[in-house]
Amino acid sequence: MRVSRRAKPTKEQILQGRVAHWPEDDLCPLCGRKMVVGSSVNDHHLIPRMYGGTQKYSVHKVCHSKIHSVFSEAELAYVYNSFEKLRSHPEIIKFLKWVRKQDSEFMTKHHRPRA
């Protein structure tokens, strides 16, 4: 059964692991802005799949992009594996201050800095 990105997932679909967890209050678990179902939302594994992560959470695409531009997969698996830990990082704090001023459906790309 394919799930449409146009509707919120049911509790049954979430429990079966077919779709990402969508917060009851419709707020992004990273930035706290309202999420709108559609192209501005991505699924994020707090623990990357390559490290055995299975649970997915819906977040804004811009927030998801920022997470992966700042952290390696290993850092996400072993250090920054909760939204609280992600929000405690100085670069994410700076990002959150900026993104909270943006519209809920705002999208942009974040690039990993080159060494």
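I'd like the residue in the stretch 83-115 that is assigned to a loop (DSSP other than H, G, I, E, B) and modelled with pLDDT of 95 or more and, out of all such residues, is surrounded by the most Cβ atoms within 10 Å (Cβ to Cβ).
The selected residue is His89.
Starting from the stretch 30-51, keep only residues that are under 17 Å from Ile92 (Cβ atoms), then list their pairs with residues that are β-branched (Val, Ile, Thr) and not in a helix (DSSP H, G or I) whose Cβ atoms are within a distance under 7 Å, requiring at least 6 positions of separation or different chains.
Every condition considered, the pairs that remain are Leu30/Val59; Asn42/Val59; His44/Val59.
Filter the stretch 17-35 down to the residues that are assigned to a loop (DSSP other than H, G, I, E, B), modelled with pLDDT of 85 or more and of a type in the set (A, V, I, L, M, F, W, C) and list them by number.
Cys28, Leu30, Cys31, Met35
For the list (1) assigned to a helix (DSSP H, G or I); (2) more than 12 Å from the chain's Cα centre (by Cα); (3) within 20 Å of Gly32 (Cβ to Cβ), I need the number of the one condition that Glu75 fails.
(3)
Which of (1) on the phi < 0 side of the Ramachandran plot; (2) modelled with pLDDT of 90 or more; (3) assigned to a loop (DSSP other than H, G, I, E, B) is the odd one out, the single condition Ser39 does not satisfy?
Unmet condition: (2).
The values are calculated or read from the model by the stated rules, or taken from the named source; none is laboratory data. All of these numbers come straight from a predicted model, not from anything done at the bench. Positions of Cβ are backbone-derived with ideal geometry, glycine not excepted, and every protein chain shown enters the neighbour counts.
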